[in-house]
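Reviewing the structure listed below.
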Amino acid sequence: MKKRTWAILAALLMAFTLLTGCSTGDGLRGPANAGEVSAFERTKRMLFELQSFRAIATVEYRSNKGSNVYETIQHARITGEYRIEVTAPEAVSGSITVSDGRQIHQFNNRVNGRVSLMLQETPERSEIFLTSFIRNYKQSEEVSVSVADMDEGVRTVLEATIPGSHPYLTMARLWVDNETMTPVKLVIFDADGSERVIVTYHIFEYNVILDDGIFTI
């Protein structure tokens, strides 16, 4: 009797696995088992508990005329302060943009005198930060989560709409490594689904202590 009961349970478990493990296409699929649901919950907790970060990342802007790629060092707080330094290409290396949450300044630390320019905020700059994605994800009426099996490992993928009416920045998708719980890539899409901004994280430090001084001139 016990053997028969275990055989029935095993058959039911196999059927459930087949039903819930179907692919949704494009390399993405919904959570297929308790382990993947747990990975999503850990990813969401990591994002919602993030207060600050420091990262080395490549930022690529794409347009109909081609693309521009920048190597950057990023610092940001969930409260809105950020600092981004461009380290390549050589023509713009040393350019630094800082925001204390109220004013934005840009200067180049390789220029004598450090001429500072006051800037207006633009989505092309502010939306490249993970902190902006988190705020959008929390506020978005349309969010989704899926799982991507990639050569480098399994990733949890989250999507969120970007508020406003910018024609080229309408939706963002974030890939998070399920093993390390660190962001891997952030992609921003236009209304047609084309990739417009791609942020690839090479080093990401979570909830680091950031001195107020790095966000001021």
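The values are calculated or read from the model by the stated rules, or taken from the named source; none is laboratory data. Remember, it's a predicted structure, so these values are computed and weren't measured experimentally. Because the Cβ atoms are built from the backbone with ideal geometry, glycine has one as well, and the counts that use them run over all protein chains shown. Surface accessibility is based on the protein's heavy atoms, side chains included, excluding ligands, DNA and RNA. Shrake-Rupley method; radii C 1.70, N 1.55, O 1.52, S 1.80 Å.
Close amide-amide hydrogen proximity is noted between Lys185 and Trp175, Tyr201, each under 5 Å apart and 5 or more residues distant or on a separate chain (H modeled in the peptide plane; Pro and chain starts excluded).
Computed with a 1.4 Å probe on the full set of protein chains, the accessible area for Asp100 sits at about 40 Å². Ligands, DNA and RNA left out, the accessible area of segment 69-217 computed with a 1.4 Å probe is 50% carbon and sulfur. Be a star and scan segment 57-98 for residues whose amide nitrogen sits under 14 Å from the point 7 Å along the Cα-to-Cβ vector of Asp190. Flagged as within label range: 61-68. Residue ranking by accessible heavy-atom surface, 1.4 Å probe, largest first, among Asp192, Asp151, Asp177, Asp212 comes out as Asp151, Asp192, Asp212, Asp177. Accessible surface comparison of Ile209, Ile96, Ile217, probe 1.4 Å, protein chains only, largest first: the order is Ile209, Ile217, Ile96. Counting only heavy atoms of the protein chains and using a 1.4 Å probe, Arg77 has close to 40 Å² of accessible surface.
Note that segment 100-109 has calculated 3J(HN,Hα) couplings of 8, x, 10, 10, 10, 10, 10, 8, 10, 6 Hz, one per residue in order, obtained from phi through the Karplus relation 6.51 cos²θ - 1.76 cosθ + 1.60 (θ = phi - 60°); glycine and proline are x. A 1.4 Å probe, protein heavy atoms only, puts the accessible area of Thr216 near 70 Å².
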